[in-house]
Amino acid sequence: MDSLAPLSFDAEALTSGAVEVIRPVGEYLVEQRVAEADIEVKGLNSLVSHVDKTAEARLVKGLQALLPEAGFLAEEGTAGASDNARFRWVVDPLDGTTNLIHGLPVFCVSVALVDGHQPVVAIVYDPNRDECFTAWQGGGTHLNGKPVCCADRSQLSDALVATGFPHWDFDRMDDYLEALTAYARGSRGIRRMGSAAIDLAYVACGRFDLFFEYSLQPWDIAAGLLLVQEAGGITCTFSGQDDTQAMLSGAETFAAAPGIAKEGLAVIRSAFG
Ligand code: 2AM
Ligand code: CA
């Protein structure tokens, strides 16, 4: 159950402190080259290397010092799960691992602090473009310190749609392809970056108008959800539920600029319904 009690810390100051921890980790990522021999396979198309693990250990150490009472949910499991803590840092040390391994400069560090299931602080740092997206609850979304918001487009036909192709869970592939077909016909175009955190950050700053993907993990989307919410966008499940627990699971992620959310969600409902 999500807590409604006031936060026991200054969210803006905590965001600034977290950025100081995250930036050097992002810079570390761009310096890395990963040899094929160093890659471990966690599951189908789920790759990890010493880079992910080193980055995560550095993040956990730095974030732990900022808010000692908070637990962790981190992709590589560095700090262990801490289900009983009210606050948890949800950490993806390297979102876009496959891109980094292939030398494609599209990856980021994604960190959120969640209160129950609601993200209250979010940072997505793209070290390749030195773009730091931040948000804290009630404070709006910023890109390198400047306020940003979702696009003001009002028709799907003018929208740029982002998605992630299914890469390990193919159960809903037919529904997914139906949605992809409808967006290909009905929008300005479709992009696939390979980092859900960057996709959501781009919805938050108006570069993308809509993002959808299924079977993600909490660390892929926790920060990005708050970035979109604080930028005036809509976030929900494929059935349109604004349910923080369901959304944070990553099972179904839909995010859109407010003016096209209804039309965009109708496509998803029809395809996945
Ligand atoms: P990761 O790099 O942290 O694993 C996009 O589809 C999302 O799925 C990304 O946020 C990415 O997070 C995750 N993902 C895992 N394996 C992937 C793969 N083989 N291709 C693309 N994305 C993958
Ligand atoms: Ca990820």
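General remarks:
- Simple spin-label estimate for Arg185 and Ala85 gives 4.8 nm between the two label positions (7 Å along the Cα-to-Cβ direction from each Cα).
- Within the range 112-195, trypsin sites (Lys or Arg not before Pro) in DSSP loop having at most 15 other beta-carbon neighbours inside 10 Å: Arg129, Arg188, Arg192
- Residues in the range 191-226 that a label on Ala251 would reach, taking backbone N under 12 Å of a point 7 Å out along Cα→Cβ: 215-216
- ³J(HN,Hα), Karplus 6.51/-1.76/1.60, whole Hz, each residue of the range 138-145, x for Gly, Pro: x, x, x, 10, 10, 10, 6, x
- Summing Lys and Arg as +1 and Asp and Glu as -1 over all other residues whose Cβ lies under 14 Å from the Cβ of Ala179 gives a net charge of -2.
- The gain in end-to-end length when the Arg33 to Glu20 segment is fully stretched comes to 2.3 nm, 0.36 nm per residue minus the alpha carbon separation.
- The smallest convex shape that holds all Cα atoms of the range 142-273, its convex hull, gives 90 Å³ per residue.
- Gain on full extension, evaluated as 0.36 nm per residue between Gln137 and Asp242 minus their Cα-Cα distance, stands at 36.2 nm.
- Free of any GluC sites (Glu not before Pro) that DSSP assigns to a loop and that have at most 15 other C-beta atoms within 10 Å, the longest stretch within the chain is 70-273.
- Per residue solvent-accessible surface (Å²) - the chain, probe of 1.4 Å: 42 Å²
- Solvent-accessible area, 1.4 Å probe, carbon plus sulfur percent, for the chain: 51 percent
- Residues Glu178 and Ala5, FRET efficiency given R0 of 25 Å [Cβ-Cβ distance, rounded to 0.05]: 0.05
- Sites matching chymotrypsin sites (Phe, Trp or Tyr not before Pro) across the range 71-166 that sit in DSSP coil, with at most 13 neighbouring C-beta atoms within 10 Å: none
The values are calculated or read from the model by the stated rules, or taken from the named source; none is laboratory data. Here the structure is a predicted model, which is why all the values come from computation and not from measurement. Cβ: placed from backbone, ideal geometry, glycine included. Neighbour counts: every protein chain shown. For accessibility, only protein heavy atoms count, side chains too; no ligands or nucleic acids. Shrake-Rupley method; radii C 1.70, N 1.55, O 1.52, S 1.80 Å.
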